[in-house]
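See structure below.
The values are calculated or read from the model by the stated rules, or taken from the named source; none is laboratory data. Because the structure is predicted, anything quoted here is derived from the model rather than measured. All Cβ positions, glycine included, derive from the backbone under ideal geometry; neighbour counts span all protein chains shown.
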Amino acid sequence: MKFGVFDHMDRAGATLGQQFEDRLKLIELYEKSGFHAYHLAEHHATPLGMAPSPSVFLAAVAQRTTTLRFGPLVYTVNLYHPLRLIDEICMLDQMSGGRLELGVGRGISPYEVGYYGIDPATGPERFAEALEVILKGLTQKTLDHQGKFFAYRNVPMEMVPVQRPHPPLWYGANSLESADRLARQGLNAVVGMKAEGVGQFSARYRAAWTALGRAEADMPFIGLSRHIVVGDTDKEAQAAAKRAFALWYDALIHLWRANGVGLPRQMIPAEFEAALDGGYIVAGSASTVRDRLKHDNDVAGINYCLCRLAFGDLSFEESQRSTELFTRDVMPAL
Amino acid sequence: MKFGIFDHLDRSGPDAERQYEERLRLIELYEWAGFHAYHVAEHHGTPLGMAPSPGLFLSAVAQRTTTLRFGPLVYPLGLYHPLRLAEEICMLDQMSGGRLELGVGRGASPYEAAFFGVDPKTTAERFDEVLGVVLKGLVTGRLDHKGKHFTFDNVPLEVTTVQRPHPPLWHVTRSLESAPRLAGEGCNVALSLPTRDAGAYCAAYRKAWVALERSPLDMPFLGNTRNVVVGDNDRETIAIAKRAFKVWYDSLVHLWRMHDLTLPKQIFPSEFEDAVAEGYVVAGSVSRVLEQMRADIDRTGINYALCRFAYGDLSFEESARSVRLFSREVMPELSPGQGNESNARMPASVVDRIGHYGTEADVDIAFPFR
């Protein structure tokens, strides 16, 4: 089991400059605490994503850390020109000595995609083509491509990543059926379901992996992300978690609410108690958090425990304390 | 008179990772040496630009410095989506406490535009449209626009710049005709021209400024780029400048050559000696560089000397030596109070580096007064 951090970088309330600096200090602590990687979301025109250009923030992360791996989770690929994304991937990998983890997706919010002038209906098709272009660009000396959305003829690829053929790929998986394809492609997956659903997903992924005759030791990461707040007592930790969850949830549904609709599927309950009960949030004393994670991780069959230790208006000190307790009293037991 | 840095971040060797790290150390030295700002170019698909996404490199610069201003010179606006550009500008300004200098341009290379699928003939109109959308967005916090290339229906930006209404603007230009317009807009200007042409441009800009009845104290920056190499003696230093010039020039013309064309001669002379004669390259001992810079500044009428201390295959040590000598012995002579004449220690990372890789003489540069 390895541990990673997932971060929306949703608006915390302080000035944005202060939020960025506090977050970078926290990321230094993640490195010191032995986390494998820091994964940052990309969102636009919403308080859910104050790092709308994750690469710009990750370039700062590369400067503040020396061994921690990091990456977008995910680049909303359809909102980029593929050439620019190739450039950004290569620069980040070079500026970090090959520490980039490359999360890719099409961008699931129709509002955010719409702001970029992209028709959400073309999403899957455009994404598939863009990803093909990007992987070609990362691995070939010149880029040639004739497709429906993109055309390149003999474009020199002067930049290369450190990690060959390309940095490890990550997907956000939302359906059980995708497990077979992701296993075949050997991709890391972060699964957006409850522990039981993730359990089915990872069983299917592992079965597909084994059926391909691949070794258990080479298994990619299957991750599940949870909000985590650890405190001295359940009461204290859950009070802080509840307060911060309310703000984070507002940010999550901001654009949907602004457009007068609800979230398209039950990603996470709106009520803190229900979210806590469902294991979307794990908050409490170290022993409470440890017991719940131990149970849920077993059910989910994951090998990558993704923690969201900063969200909503959790202060730097609250997240710092949470991280320290998690590292000292929870991680070793898992 | 202030001093700034211009950098293509052209490829200096096979190891990009090392080049980024060495350049960042040099930038720490620029801050220490008293430069006003670091400006980096954007190029694609060519060894001329190893920072094809200048925003990423500048985010690292923000982490390595505390007071130095910095920015792209320029963002080729035709290659950006306005929303992404506005977001990136806000993030960089926030992550640096308001140190961003915002250089904007059309993008000089038709080949690079074509790589992006942008018809080079449309870059001028794209420039106007994108700049309008982005500036309005930064000021109002919303993108609302109906144009030929982009449409935004009241899109909230959510992120803002520290500097209000927006970071200082810089334009690059070669045309004398742009001077009255840019003076009217109060825009900073970065030129890359021979002494005579830069002189004509600055005269036109200053004339327009006076005609607008604006105070000379509010004069924007008028900068002109120079490749600068300073060393112990003229002969060796000029030889180093010439060696690196060839590497850099190859990068400059790389995409033109690939298309079996030569770079238009008026853009840049191909021979080192011509480049020196036209004022583009200033190389030699302190006294020679001081004399040439002084004459160049007097004749051009600039108030911002844009120096390029790292280009081609100049080693970190060669560039660091130039910067150290320039800031100690050239800058204060050209403009009292500028530069760094102090005995203060240089940035530890520079000292470490020179101590680790350098010769005995390089270590002496790190501790000039020990």
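Scan region B:42-56 for residues that are under 18 Å from B:GLU28 (Cα atoms) and either within 7 Å of chain A (Cβ to nearest Cβ) or in a loop (DSSP other than H, G, I, E, B) (or both) and report the count.
3
Can you name every residue in region A:76-91 that is of a type in the set (A, V, I, L, M, F, W, C) and over 16 Å from A:PRO52 (Cβ atoms)?
A:LEU83, A:ILE86, A:ILE89, A:CYS90, A:MET91
Report those strands (runs of 3 or more DSSP E) wholly inside region A:83-173 carrying at least 1 residues which are within 11 Å of chain B (Cβ to nearest Cβ).
Fully inside region A:83-173 and qualifying: A:142-146, A:151-156.
State all residues of region B:94-123 that are farther than 23 Å from B:SER251 by Cα, more than 9 Å from chain A (Cβ to nearest Cβ) and either of a type in the set (A, V, I, L, M, F, W, C) or in contact with a strand residue (DSSP E or B) (Cβ under 6 Å, 6 or more places away or on another chain) (or both); if no residue qualifies, say none.
B:ARG99, B:LEU100, B:GLU101, B:LEU102, listed by residue number.
Return the residue satisfying two criteria in turn: it lies in region B:81-93 and is in contact with a His (Cβ under 9 Å, 6 or more places away or on another chain) and in a helix (DSSP H, G or I), and of such residues it is nearest to the other protein chains (Cβ to nearest Cβ).
B:GLU87
Could you look through region B:9-40, keep only residues that are in a loop (DSSP other than H, G, I, E, B) and surrounded by 24 or more Cβ atoms within 10 Å (Cβ to Cβ), and pick out the one that is farthest from the other protein chains (Cβ to nearest Cβ)?
B:PHE35
Select from region B:71-80 the residues that are away from chain A (no Cβ under 11 Å) and without any contact (Cβ under 8 Å) to a residue 40 or more places away in the chain and list them in ascending order.
B:PRO72, B:TYR75
Under 6 Å between Cβ atoms, which residue pairs at least 6 apart in sequence (or on different chains) link something in region A:72-91 that is touching a residue at least 12 places away in the same chain (Cβ under 8 Å) with a partner that is hydroxyl-bearing (Ser, Thr, Tyr) and outside any helix (DSSP H, G or I)?
Going by the 6 Å Cβ cut-off, the qualifying pairs are A:LEU79/A:TYR116; A:ASP87/B:SER53; A:GLU88/B:SER53; A:MET91/B:SER53.
Here is a yes/no grid of residues against (1) under 30 Å from A:TYR205 (Cα atoms); (2) crowded, with 19+ Cβ neighbours inside 10 Å:
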position	(1), (2)
A:ARG226	yes, yes
A:GLU236	no, no
A:ASP250	no, no
A:GLY260	no, no
A:CYS305	yes, yes
A:SER322	no, yes
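Results for (1) at pLDDT 95 or above; (2) not in a helix (DSSP H, G or I), shown as yes or no for each residue.
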residue: B:ALA113; (1), (2): no, no
residue: B:VAL118; (1), (2): no, yes
residue: B:THR123; (1), (2): no, no
residue: B:LEU138; (1), (2): yes, no
residue: B:VAL159; (1), (2): yes, yes
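Looking at region B:81-107, I want the residues that are farther than 18 Å from B:ALA60 by Cα and have a partner that is polar (S, T, N, Q) and modelled with pLDDT under 95 with Cβ atoms under 7 Å, at least 6 apart or on another chain. Which pairs are those?
Once the first residue is farther than 18 Å from B:ALA60 by Cα and sits in region B:81-107, its partners that are polar (S, T, N, Q) and modelled with pLDDT under 95 give B:ARG106/B:THR123; B:GLY107/B:THR123.
If a residue has to be assigned to a loop (DSSP other than H, G, I, E, B), of a type in the set (Val, Ile, Thr) and either at pLDDT 95 or above or over 21 Å from A:ALA244 (Cβ atoms) (or both) to count, how many in region A:5-59 make the cut?
Total satisfying the criteria: 1.
Report, ordered by the first and then the second residue, all pairs with beta carbons closer than 6 Å, sequence separation of six or more or different chains, a first member in region B:246-266 that is surrounded by 12 or more Cβ atoms within 10 Å (Cβ to Cβ), and a second member that is assigned to a helix (DSSP H, G or I).
Going by the 6 Å Cβ cut-off, the qualifying pairs are B:LEU255/B:TYR111; B:LEU263/B:VAL253; B:LEU263/B:TRP256.
Pairs under 9 Å by beta carbon, first residue on the phi > 0 side of the Ramachandran plot in region A:114-136, partner modelled with pLDDT of 90 or more, six or more apart or different chains?
A:GLY117/B:HIS81; A:GLY117/B:LEU83; A:GLY117/B:PHE150; A:GLY117/B:THR151; A:GLY117/B:PHE152
Being within 14 Å of chain B (Cβ to nearest Cβ), out of contact with any Gly (no Cβ under 6 Å at 6 or more places or on another chain) and over 21 Å from A:GLY114 (Cα atoms) narrows it down to one of A:LEU48, A:LEU24, A:LEU29, A:LEU68, so name that one.
Of the residues listed, the single one that is within 14 Å of chain B (Cβ to nearest Cβ), out of contact with any Gly (no Cβ under 6 Å at 6 or more places or on another chain) and over 21 Å from A:GLY114 (Cα atoms) is A:LEU24.
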